[in-house]
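One structure below.
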Amino acid sequence: MLLAAETNAGFYLGAAVGGDRSPSMHLVSGDDDRASRCDEYINPRYAELPACTAPDRSVGAADAWSSRFASAWGAQSGVAIGYRLGERYRIELEADYGSIGLDTSSPIIAPSGVPYDSIAAPELANAYERIGNAEFLGLFVTAYLDIPNRTRFTPFVGIGAGVGLASMDYDVLWERTDNLDDVIYAGAGLPNEDEIRRNLVGGDTRARQRLRDLLSAVHLTVGVGYSLTERVSLEIRARHLRSSEFGDGGSYITLRGHPSKLRRDGSEPVRWNVGTADTNRTHVGLRLNYRL
């Protein structure tokens, strides 16, 4: 008699808890800003420079920046409703929630691989991105194959697909020096260089936002179930989840110390974007199943 796998078809409910691990993360960011000398708030004579009125403000490789964050562990939970088709097969609708408190900062890196606050020192006093709490709420359809035997233990493997809402707290800061003598780059060679330097000193660029994106995802799950009673079983399980790329964006709180736009009439708003391909997750934990 096969003890581990229930052979009767029927519905069951499941509830899971465990640990959730995010991978090391490489953020790639950019915006559609122009050079400081093309900013009307900084240089009222910007229109005298042809490059400052050219229509192309597209983000190029030279405008991009990046940062890196280490992997971290958090908490995971989930619920499921499943239907057993027979001795070996079952299908589930699962909801999966994970939360990881990263709460760490990373220097902003130029395309050359050198931190920006080193390249542009002493004018740029600090440049970093910060990631706070990261969450993932997923909904999956999963097919499982059980491997029944003559013990109370049932190994299983599952493959699933679905969607997930990913979100994380994000901050970015480009902190410019408060010392006028250190503002040595912007406006160099222009007739109103001193005016540009005065307008730029202490002009921080910063953003703070809860980033959100809807991702497609697939997963592979393996584990072992143990039959506690005729209706109740306990599973030890591990899951690896692969998701599509994450990306979001917004407007700066301040751009060089003024609103997130280049012109005083409100035209040429400036928006930033941030994304990562490092969206895979791994979690391990326990799940209790109850056969209805």
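Name the residues in region 271-284 that are under 16 Å from Phe69 (Cβ atoms), surrounded by fewer than 17 Cβ atoms within 10 Å (Cβ to Cβ) and of a type in the set (S, T, N, Q), would you? Selection gives Asn280 alone. The sole residue among Ser112, Ser118, Ser106, Ser99 that is more than 13 Å from the chain's Cα centre (by Cα), part of a strand (DSSP E or B) and either over 28 Å from Val163 (Cα atoms) or of a type outside the set (Asp, Glu) (or both) is Ser106.
Selection within region 54-87: residues that are at pLDDT 90 or above and not in a strand (DSSP E or B). The member of this set that is farthest from Ala127 (Cα to Cα) is Leu85. Entry remark, region 255-270: residues being touching a residue at least 12 places away in the same chain (Cβ under 8 Å) and loosely packed, with under 15 Cβ neighbours inside 10 Å number 3 in total.
Consider region 195-254 and keep the residues that are closer than 30 Å to Asn289 by Cβ and acidic (Asp, Glu). The one that is surrounded by the fewest Cβ atoms within 10 Å (Cβ to Cβ) is Glu230. Checking each residue in region 125-158 for being of a type in the set (A, V, I, L, M, F, W, C) and buried (at least 20 other Cβ atoms within 10 Å of the Cβ) picks out Ala127, Ile131, Ala134, Phe136, Phe140, Phe156.
Per this entry, Ser29 is not counted among residues that are among the hydroxyl-bearing types (Ser, Thr, Tyr), touching a Ser or Thr at 6+ places or on another chain (Cβ under 9 Å) and under 30 Å from Gly225 (Cα atoms).
Considering only residues in region 185-194 that are of a type in the set (A, V, I, L, M, F, W, C) and surrounded by fewer than 19 Cβ atoms within 10 Å (Cβ to Cβ), the one that is farthest from Ala143 (Cα to Cα) turns out to be Leu190. Would you confirm, using the coordinates I've provided, whether Ser36 is among the polar types (S, T, N, Q) and surrounded by fewer than 19 Cβ atoms within 10 Å (Cβ to Cβ)? When the stated conditions are applied, Ser36 does not pass them. Can you tell me how many residues in region 69-109 are surrounded by fewer than 17 Cβ atoms within 10 Å (Cβ to Cβ) and aliphatic (A, V, I, L, M)? Looking only at that region, the number is 8.
The values are calculated or read from the model by the stated rules, or taken from the named source; none is laboratory data. For clarity, every value in this text was computed on a predicted model and none was experimentally measured. Because the Cβ atoms are built from the backbone with ideal geometry, glycine has one as well, and the counts that use them run over all protein chains shown.
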